[in-house]
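J.: This structure is in structure tokens; I'll ask about it shortly.
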Amino acid sequence: MGKIIPKISIMNIGFDLDRIFINYPPFVPARAIDYFHQDHSKKRLFYRIPKTPLSKFFRRLIHCSPMRPKIAKNIRFIQNFPYHNPHKPNLYLISSRYKTLEDITRRKLKEYNLVEPFDAIYLNIKNQQPHIFKAGMLKKLKINLFVDDNLLVLKYLKKHCPKTQLLWYNPYTKEKDEEIPTITGLEEIKHFLK
Ligand SMILES: [Mg+2]
């Protein structure tokens, strides 16, 4: 808190998908969804990856429209990304959605006009653990700035991707974090850009 974070000349900016551009189902507490997706029998961060036909069916079901409304103001923001000077940064969408959700996700991205704003879109089609997938992508793409809503994932990334400036997108609660700057709107990204 109160730390001065040096601004960086951003070349590569990455965004998570769920709860940044596509919301969780209405009327279900987000914490409950995040809790359900994790396997709490493990000591380390570990997510349940749907493997059986039934679990895949349910996972697909909860990702179908209208269970996943768009976050219109954030979609507008990325469509009109304002920081084009001096060089437009590369914009990447990096979502840990699994292979079983690939077709649903690609359809939804088209429907919500979320394909065109990005230079590339990466989904977790090899079904890696979400935080491990994201750490790998941040390194591979040399992401300078990454925005995610999941603090547990961000904490993992903080340890494993020291070259990336991480931002916690959290307009949902008043919580702040000691290590990872919180933003409550995507326009606040500008404070981290030169
Ligand atoms: Mg998310």
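J.: Out of the residues in segment 148-179 that are within 15 Å of Gly136 (Cα to Cα), among the hydrophobic types (A, V, I, L, M, F, W, C) and outside any helix (DSSP H, G or I), which is farthest from the chain's Cα centre (by Cα)?
T.: Cys161
J.: OK, next. Of everything in segment 1-22, what is outside any strand (DSSP E or B), surrounded by 16 or more Cβ atoms within 10 Å (Cβ to Cβ) and modelled with pLDDT of 80 or more? Give them in sequence order.
T.: Asp16, Leu17, Arg19, Ile20, Phe21
J.: Taking the residues in segment 23-45 that are surrounded by fewer than 14 Cβ atoms within 10 Å (Cβ to Cβ) and of a type in the set (Phe, Trp, Tyr) as candidates, determine which candidate is nearest to Phe192 (Cα to Cα).
T.: Checking each candidate, the answer is Tyr35.
J.: Being of a type outside the set (Phe, Trp, Tyr) and within 16 Å of the ligand (Cβ to nearest atom) is the filter here, so list the residues in segment 165-182 that pass it.
T.: Selection gives Leu166, Leu167, Asn170, Pro171, Thr173, Glu175, Asp177, Ile180, Thr182.
J.: OK, next. Can Ile22 be described as in contact with a strand residue (DSSP E or B) (Cβ under 7 Å, 6 or more places away or on another chain) and closer than 22 Å to Asn127 by Cβ?
T.: Against the criterion (in contact with a strand residue (DSSP E or B) (Cβ under 7 Å, 6 or more places away or on another chain) and closer than 22 Å to Asn127 by Cβ), Ile22 qualifies.
J.: Let me ask something else about it. Look through segment 71-95, keep the residues that are without any contact (Cβ under 8 Å) to a residue 60 or more places away in the chain and under 23 Å from Met137 (Cβ atoms), and return whichever of them is nearest to the ligand (Cβ to nearest atom).
T.: Once the filter is applied, the top-ranked residue is Ile71.
The values are calculated or read from the model by the stated rules, or taken from the named source; none is laboratory data. Remember, it's a predicted structure, so these values are computed and weren't measured experimentally. Neighbour counts run over all protein chains shown; Cβ positions are idealised from the backbone, glycine included.
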